[in-house]
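To start, the structure itself, in structure tokens.
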Amino acid sequence: MKTYEIKNMKDLRSGFGEGLVEAGKQNADVVALSADVTGSVKMDAFANTFPERFVQCGIAEANMVGIAAGLSLSGKIPFVGGFAEFVTGRVYDQIRQVVAYSNKNVKICGSHAGVTLGEDGATHQTMEDIALMKALPNMTVLVPCDANQTYAATLAAMKHDGPVYLRFGRPKMPNFTDEKQEFVIGKAQMLNEGKDVSIIATGHLVWEALEAAKVLEEQGISAEVINIHTIKPLDTEAIINSVKKTGAVVTCEEHLFNGGLGDSVAQTLALNCPTPMEYVAVNDRFGESGTPEQMLVNYNLKANNIVEKVKTVLSRKK
């Protein structure tokens, strides 16, 4: 199988922060708004580089989204940043009414997503944000897999005309994709071709999927690994083509079973080519406190869990 080397261990929020500065350099209409977590979501470099284009809104996410919507009416490209739980759940009505409904060019950037937020615990972790955001008409949903891809996704969001939800995490994770990559919204990334099973992953679990594929190869199982960095619009063609070849699929995400990548893939397959499928995801639970690694283990989101699900789905394969 194709091998990927870890270039470094880097948090995805740093990729966002660097991408935001670059977006500001490329386009003078880019502005940034923070909900009193500027350093935590790595927006401080933008604030220092472009102080006249940065607005500190305080712990008032709903107000921040309203300000961003207003700025978009004057031709600005606002990036609003905060913890994923608070820039989606706390402010959902405002996003629906003043951003998605009127298709405003606002970029909602949710850091500290998923259980790997870790020690901050259940109130700050979110595993339902993808479900909330992808349900909104006009909303594009991006979930990059590492820091390099988060950088590229930030620039892609800047160039996209319309609402975007960009989801990324807090901890340092394997950084393995190309620094010079092209990020095409709505286009899946084939990481490894295989013939026995399709492993379709997003976010932090893409690396775990690659690790699982290595183990499976040693056991004589050829796994195709696809990175879905765009949940919406979904690359249904890539999914259907892969699954028609392999006849079995496992989806992997740091999100609830309900409403995430797995549900989108299942809907695609139900409508086009019903196929045995298993999920690696959080099973109807809130978060807990623990280190990021402890959380991935506790919620069965590691490579060994993917291997187990692959064997389960292969046992169902006709």
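Bear in mind that the values in this text are calculations on the coordinates, not laboratory data. Not measured: the values here are computed from a predicted model. Backbone-built Cβ (ideal geometry, glycine too); neighbour counts: all protein chains shown.
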Margin query: Once you place label points 7 Å from the Cα toward the Cβ at Glu293 and Lys317, how far apart are they in nm?
Written below: 3.2
Next item on the list: Just name one of Ala135, Leu256, Gln181: the one whose Cα is farthest towards the positive end of the charge dipole of the stretch 124-260 (beta-carbon charges, Lys/Arg +1, Asp/Glu -1).
Entry: Ala135
Next item on the list: Quick one: which residues, 5+ away or cross-chain, put their amide H under 5 Å from the amide H of Asp11? H built at 1.01 Å from N.
Entry: Met173
Next item on the list: Calculate the dipole size of the stretch 1-122 relative to its Cα centre from +1 charges on Lys and Arg beta carbons and -1 charges on Asp and Glu beta carbons; express the result in debye to the nearest 20.
Entry: 400
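Set the Förster distance to 35 Å, then compute FRET efficiency between Asn8 and Arg285 from the Cβ-Cβ distance, nearest 0.05.
Using R0 = 35 Å, I get an efficiency of 0.65.
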Checklist line | DSSP beta bridges in the chain [antiparallel fraction, %, rounded to 5] | finding: 20
Check: Just the Cα atoms of the chain, one point each, no solvent: what log10 I(q)/I(0) does Debye give at q = 0.16 Å⁻¹?
Finding: -1.28
Notebook entry, point to check: At 222 nm, what helix-only mean residue ellipticity would the chain give, in deg cm²/dmol to the nearest 500, using -39500 (n - 2.57) for each DSSP H run of four or more?
Noted result: -11000 deg cm²/dmol
Notebook entry, point to check: For the chain, what relative contact order do you get, as a whole percent, if you take Cα pairs closer than 8 Å and at least 6 residues apart?
Noted result: 18
Notebook entry, point to check: Taking Cα atoms, how many degrees apart are the long axis of helix 303-316 and the longest axis of the chain, rounded to 10 and kept between 0 and 90?
Noted result: 50
Check: How do Thr230, Thr202 line up, fewest other C-beta atoms within 10 Å first?
Finding: Thr230, Thr202
Check: Treating the beta-carbon of each Lys and Arg as +1 and of each Asp and Glu as -1, no other charges, what is the dipole magnitude of the chain about its Cα centre, to the nearest 20 debye?
Finding: 620
Next item on the list: Give the angle, between 0 and 90 degrees and rounded to the nearest 10, that separates the Cα long axis of helix 12-26 from the longest principal axis of the Cα atoms of the chain.
Entry: 50
Note to self: Output the 0 to 90 degree angle, nearest 10, between the alpha-carbon long axis of helix 261-272 and the longest principal axis computed from the alpha carbons of the chain.
What the structure shows: 60
Check: By average Cβ neighbour count within 10 Å, what is the ranking of 204-210, 286-292, 116-122 from highest down?
Finding: 204-210, 116-122, 286-292
Check: Normalised by the residues of the stretch 189-316, what does the relative contact order come to in percent, with Cα pairs under 8 Å and at least six apart?
Finding: 29
